Amino acid sequence: MADAKVIPFDDDRSRSGSASRPARRRTGAGSGGGRGDGSTAPVSALPGGRLPEPPSAGAEGAQDPQRPQEEALGGVGAPADAGGGWDRRIAGGLAFLRRRVTGDYEVDEFGYDKELTDQVLMSALRPLADKYFRVEVKGIENIPSDGGALIVANHSGTLPLDGLMLQVAVHDNHPAERHLRLLAADLVFHLPVVNELARKAGHTLACAEDAQRLLELGEIVGVMPEGFKGIGKPFGDRYKLQRFGRGGFVSTALRAGAPIVPCSIVGAEEIYPMIGNAKTLARLLGFPYFPITPTFPWLGPLGAVPLPTKWTIQFGEPIPTDGYPPEAAEDPMLMFNLTDQVREQIQHTLYKLLVQRRSVFF
């Protein structure tokens, strides 16, 4: 009987037109077809046949011992990640939902949910920052890589979108991907749904105790001392800083020994040009103001869409506070001077950015 030719089961890959695979041969003294000195025995051609051309040293996969395993997983020449990206995303999403349903996730003492913030809230806000407002960030190196710091920014825009964009800017541009913990007004925590989302996103009540606790834990804390006076000011007063309160944020930074980082935001003033304030309606609804803009309330819900202005967020040089004695937090003159220094630095940077800006929308 003539010798039978054995065809391996995985040979159909070679018939599909893909490149030839390197032969998997065992070498050495214990190999069936090898010499005793460890070299490979010469291969003779079959009658009427030719010896196969050996792969060149530069041929793809010629010297790659992992090639057979890669071929078995993804086929010849297939990338290791082919077809696996969506599978991993779906698996990750299902695992996330499972942890949500079973309660297998962590929140800190303030209600901050890091996993929800990273995977849901930041993902929802990122297109607004990157594509709609096209936020440009400058001076991110002034935010420390570790330890606590207090970011003090101007406040504007009728709705507090500047705080959310500031949160995205810090996380997405800082090399350490640090999270900003914003101090919010009481009204935020009295609104349904908004209350829960604010807590989950890491925001907390704007009080000295919470701020000092976060700074001592090494968190980046954000505060906008203008409050409603800044966010609800008329369009004619845009980019003119309002009063910074009594300097409570300076006292908090002094107690925690955390640096103060001034921050200037340009672009938020024009998203909702506030040309009027319906004070009677605001009192009935319990709001500090009820804005009237060129589009709201005339266009209804469509009037609540912000204008696509071009934003710039610049972080100034930090002002250290760790060199002051503990009793400095009770010195009203020192607090006044530091508050005025921070305010002047923010206002000066605002004017400089406005001069450099080519257009409100570009």
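With all protein chains present, how much of the accessible area of the range 209-274 (probe radius 1.4 Å) comes from carbon and sulfur, to the nearest whole percent? Mind dumping the intermediate values first?
Values: 1050 of 2270 Å².
With neighbouring chains kept in place, the figure for the range 209-274 is 46 percent.
Defining a contact as two alpha carbons under 8 Å apart and six or more residues distant in sequence, what relative contact order in percent does the range 228-362 show? Walk me through the numbers on the way to the answer.
On the way: 174 pairs, mean separation 48.2, N = 135.
With pairs under 8 Å counted, the relative contact order is 36 percent.
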Q: With the full set of protein chains in place, find how many percent of the accessible area of the range 94-186 is carbon and sulfur; take the probe as 1.4 Å.
A: 55 percent
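Enter the per residue convex hull volume of the range 265-325, computed from alpha-carbon coordinates, in Å³ rounded to the nearest integer. Let's see the in-between values first.
Working: hull volume 9.0 nm³, N = 61.
Taking only Cα atoms, the range 265-325 has a hull volume of 148 Å³ per residue.
Enumerate by residue number the GluC sites (Glu not before Pro) in the range 121-179 meeting two conditions: DSSP loop (anything except H, G, I, E, B), and at most 12 other Cβ atoms within 10 Å of the site's Cβ. Intermediate results must be reported in sequence, preceding the final value.
Working: sites: Glu136, Glu141, Glu177; in loops: Glu177.
Of the GluC sites (Glu not before Pro), the ones in loops of the range 121-179 whose Cβ has at most 12 other Cβ atoms within 10 Å are Glu177.
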Q: Among the lysines, select those whose C-alpha is under 25 Å from the C-alpha of Lys131, and discard any that sit fewer than 8 residues away in the same chain.
A: Lys114, Lys200, Lys310, Lys352
(Q) What does the C-alpha gyration tensor say about the overall shape of the range 181-235? Classify as rounded when a/c is under 1.5, otherwise prolate if a/b is larger than b/c, or oblate. (A) oblate
(Q) Counting other C-beta atoms within 10 Å, and keeping those with at most 12, which DSSP coil trypsin sites (Lys or Arg not before Pro) do you find in the range 254-362? (A) Arg358
Q. Once amide H atoms are placed 1.01 Å from N in the peptide plane, what residues at a sequence separation of 5 or more from Ile151, or on another chain, have their amide H within under 5 Å of its amide H?
A. Val221, Gly222, Val223, Val261
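Any chance you could list the semi-axes, whole Å, largest first, of the equivalent ellipsoid that the Cα gyration tensor gives for the range 206-265, using √(5λ)?
Working: eigenvalues 127, 24, 18 Å².
Equivalent ellipsoid of the range 206-265: 25, 11, 10 Å, largest first.
What ratio of Cα Rg to 2.2 N^0.38 Å holds for the range 322-362?
Working: Rg = 16.2 Å, N = 41, 2.2 N^0.38 = 9.0 Å.
Ratio of Cα Rg to 2.2 N^0.38 Å: 1.80.
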Q | For the range 238-285, alpha-carbon Rg and Dmax in angstrom | A | 16.4, 44
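The values are calculated or read from the model by the stated rules, or taken from the named source; none is laboratory data. Just so it is clear, the model here is predicted, and its values are computed rather than measured. Reconstructed Cβ throughout: ideal geometry from the backbone, glycine too, with neighbour counts over all protein chains shown. Remember, those area values only see protein heavy atoms, side chains included, never the ligands or the DNA or RNA. Shrake-Rupley method; radii C 1.70, N 1.55, O 1.52, S 1.80 Å.
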